[in-house]
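Student: The following block contains the structure, expressed as structure tokens.
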Amino acid sequence: MAILVIAEHDNQSIKAATLNTVTAASKLGGDIHVLVAGAGCGAAAEAAAKVAGVAKVLVCDAPQYEAQTAENVAELVKGLAPSYSHVLAPATSAGKNMLPRVAAQLDVAQISDIVAVESADTFVRPIYAGNALATVKSADAIKLITVRTTAFDAAGDGNAAPVEAVAAAADLGVTALVGREITKSARPELGAAKIIVSGGRGLGSGDNYHQLLEPLADKLGAALGASRAAVDAGYVPNDYQVGQTGKIVAPQLYIAIGISGAIQHLAGMKDSKVIVAINKDPEAPIFQVADYGLVGDLFEVVPQLTSAI
Amino acid sequence: MKILVPVKRVVDYNVKVRVKADGSGVDIANVKMSMNPFDEIAVEEAVRLKEAGVATEVVAVSCGVTACQETLRAAMAIGADRGILVETDVELQPLAVAKLLKAVCDKEQPDLVIAGKQAIDDDANQTGQMLSALMGWPQATFASKVALADGKAQVTREIDGGLETLSVKLPAVVTTDLRLNEPRYATLPNIMKAKKKPLDTVKPADLGVDVAPRLTTLKVSEPPKRSAGERVADVAQLVDKLKNVAKVI
Ligand SMILES: Cc1cc2nc3c(=O)[nH]c(=O)nc-3n(C[C@H](O)[C@H](O)[C@H](O)COP(=O)(O)OP(=O)(O)OC[C@H]3O[C@@H](n4cnc5c(N)ncnc54)[C@H](O)[C@@H]3O)c2cc1C
Ligand SMILES: Nc1ncnc2c1ncn2[C@@H]1O[C@H](COP(=O)(O)O)[C@@H](O)[C@H]1O
């Protein structure tokens, strides 16, 4: 049987998380179909058709998918799912929001946030903020899975899969989008960045955060991240939060500045290739995971680092 | 308006759990247990809605072992009016919890359910969405702001790119994110008062729900350990290491 991947997209293009999810699907064996549900989403469907390993793109283009509400998308996926052995979505805020609805309606136990595929019915997923890895086996006829994107490489391109239209499901009309405030930034997306400069409560204020970390991130072409404490204190918007309950990242280089290294923060970044910690407290737990630790006052060290690069 | 708040008893967020040597699970004997932090935020939000005169009753529900009574008492100490324990020793997975909560909702007929977005033990992030789907209600997950008016909830949600505001018809399920509020500390008098509030106990069988787990945990293992690297003396040495040893810049 085939595998269905739910694409994350903005009607124009496919989000990077979709590419990692396709790679996870490729470990299962079976044709991979990608669903693009949106409004005026032809360009996104074309982009999905180029992804290596995709056998077919299903496009569902209808006004009720404009806001991609969980209720309406789940209603569509619920109808399609019985023809598939597995349905996968990235473990992004959109995937996490939508897929459990499908699972409940199909009476299936969803497997959240997998980091490895052992076999077609057995998967590995982190629990307790990544302090343990559980290998779980599903007895359900259809496997509904969300995928931790950092655990799987991005699928390549160069494909030309056929694109097939599928009929829209009913518009449930129970949810209305009032508005979105999307953080605008010319920087790379946190989830896909090669380098991340991340700041914590040690920065002391939003002004300090911006004045000290932005020039460094500019020089490195890095994305900016933050601890929960920095977000709660209003230094930066919520979507900067890295951690157990924020974003999971695994860049080539993660520079933690003025971050103590609480379990919940480590859960989001400890799979980074190289970790640098800058902290004035030599006992800070962040040093236990850092490849390079620099004990010092960030207000002195960070400007020096920016000019040395 | 009645608000129902599901609260889960979990290992306290400050505890770093250890994997059992035989790989059968994590060792939670003698570790501190607390209310899931996202559920504390949910109780706080419901109680504030009551204090603001929007809600009339806040009911806390916990599913699990007898000791979940403590979690319910904690919710009542924040200000929930009563508690319902769905008591079982069976390991509960999100789908089973959602079914139990559906049965409780069918009976209690709340106008709003406020759950946590995620339990910090299983990190599943499923139950609220599943409950909403089983009830055929709309959902607004990962909430950082909730306003109720005219039979609707206007909810601001934390999403990957920033914020999104939805308007959902009630009854609905809302799940909390960290920025929704800062839960109060329960005062001693309120802890005492909570001991006298009503707490009903039911069994899954009374609710007609089969809670048998669907996922079998084959093993639980330690994640690969990351060892501490080296301390660098100054910025020059750090830059040298990053350029010439790690080769990441
Ligand atoms: C349910 C729940 C979920 C959570 N989810 C997350 C999550 O997803 N992500 C997350 O990050 N946290 C999360 N947390 C919070 C987490 O427990 C910590 O509270 C948080 O990570 C601390 O942030 P911080 O390191 O910036 O602040 P602090 O712990 O206050 O650390 C600040 C650090 O800055 C250093 N410092 C101060 N001044 C200087 C200076 N001048 N120069 C150099 N160093 C300096 C200090 O030595 C200290 O180590 C969660 C908590 C809960 C309860
Ligand atoms: N056993 C339980 N009893 C009561 N509420 C629960 C239980 N398990 C999960 N929940 C609720 O569902 C939310 C999400 O949990 P989960 O889907 O397991 O991550 C929690 O924050 C609680 O509000």
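Student: What are the residues in segment A:20-75 that are under 30 Å from A:Val178 (Cα atoms) and acidic (Asp, Glu), if any?
Tutor: Of everything in segment A:20-75, those that are under 30 Å from A:Val178 (Cα atoms) and acidic (Asp, Glu) turn out to be A:Glu46, A:Asp61, A:Glu66, A:Glu71, A:Glu75.
Student: Of all residues in segment A:237-258, which are within 11 Å of chain B (Cβ to nearest Cβ) and under 14 Å from A:Ala223 (Cβ atoms)? Spell out how you get there, then give the answer.
Tutor: Step one: of segment A:237-258, the residues within 11 Å of chain B (Cβ to nearest Cβ) are A:237-241, A:243-248, A:251-255.
Within segment A:237-258, A:Pro237, A:Asp239, A:Tyr240, A:Gln241, A:Gly246, A:Lys247, A:Ile248, A:Pro251, A:Gln252, A:Leu253, A:Tyr254, A:Ile255 qualify.
Student: Any residue at all in segment B:112-129 that's modelled with pLDDT of 95 or more, more than 12 Å from ligand 2 (Cβ to nearest atom) and under 27 Å from A:Gln68 (Cα atoms)?
Tutor: yes
Student: Looking only at segment B:2-47, which residues are touching a residue at least 24 places away in the same chain (Cβ under 8 Å) and loosely packed, with under 14 Cβ neighbours inside 10 Å?
Tutor: If the condition is that a residue be touching a residue at least 24 places away in the same chain (Cβ under 8 Å) and loosely packed, with under 14 Cβ neighbours inside 10 Å, then B:Ser24 is the only one that fits.
Student: Something else now. Filtering segment A:124-149 down to residues that are under 19 Å from the mean Cα position of the chain (by Cα) and more than 9 Å from chain B (Cβ to nearest Cβ), which residue is nearest to A:Ala16 (Cα to Cα)?
Tutor: Only one residue fits best here, namely A:Thr149.
Student: Further, regarding this structure: Give A:Pro63, A:Pro90, A:Pro100, A:Pro82 a once-over and let me know the one that is within 14 Å of another protein chain (Cβ to nearest Cβ), farther than 23 Å from B:Leu100 by Cα and of a type outside the set (A, V, I, L, M).
Tutor: One residue alone meets the criteria, A:Pro90.
Student: If you don't mind, another one. Restricting segment A:114-123 to residues that are more than 8 Å from every other protein chain (Cβ to nearest Cβ) and not charged (D, E, K, R), which is surrounded by the fewest Cβ atoms within 10 Å (Cβ to Cβ)?
Tutor: A:Ser119
Student: From the list B:Glu51, B:Glu108, B:Glu91, B:Glu87, pick out the single residue that is closer than 18 Å to B:Pro213 by Cα and more than 17 Å from the chain's Cα centre (by Cα).
Tutor: Criteria check complete, one pass: B:Glu87.
Student: Failed condition for A:Thr135, given (1) over 25 Å from A:Gly246 (Cβ atoms); (2) among the hydroxyl-bearing types (Ser, Thr, Tyr); (3) crowded, with 18+ Cβ neighbours inside 10 Å; (4) without any contact (Cβ under 8 Å) to a residue 40 or more places away in the chain, with all others met?
Tutor: A:Thr135 satisfies every listed condition except (3).
Student: Next up: State whether one or more residues within segment B:56-72 are in contact (Cβ under 8 Å) with a residue 24 or more places away in the chain and within 16 Å of ligand 1 (Cβ to nearest atom).
Tutor: Within segment B:56-72, one or more residues are in contact (Cβ under 8 Å) with a residue 24 or more places away in the chain and within 16 Å of ligand 1 (Cβ to nearest atom).
Student: Need at least 1 residues that are more than 18 Å from B:Asp160 (Cβ to Cβ), more than 12 Å from ligand 1 (Cβ to nearest atom) and of a type in the set (S, T, N, Q) per element, so show me which helices (runs of 4 or more DSSP H) inside segment A:190-309 make the cut, counting only ones lying wholly within it. I'd like the intermediate steps shown before the answer.
Tutor: Numbers: elements: A:206-220, A:228-232, A:263-269, A:298-308.
Fully inside segment A:190-309 and qualifying: A:206-220, A:298-308.
The values are calculated or read from the model by the stated rules, or taken from the named source; none is laboratory data. Just so you know, these numbers come straight off a predicted model, no measurement behind them. Cβ: placed from backbone, ideal geometry, glycine included. Neighbour counts: every protein chain shown.
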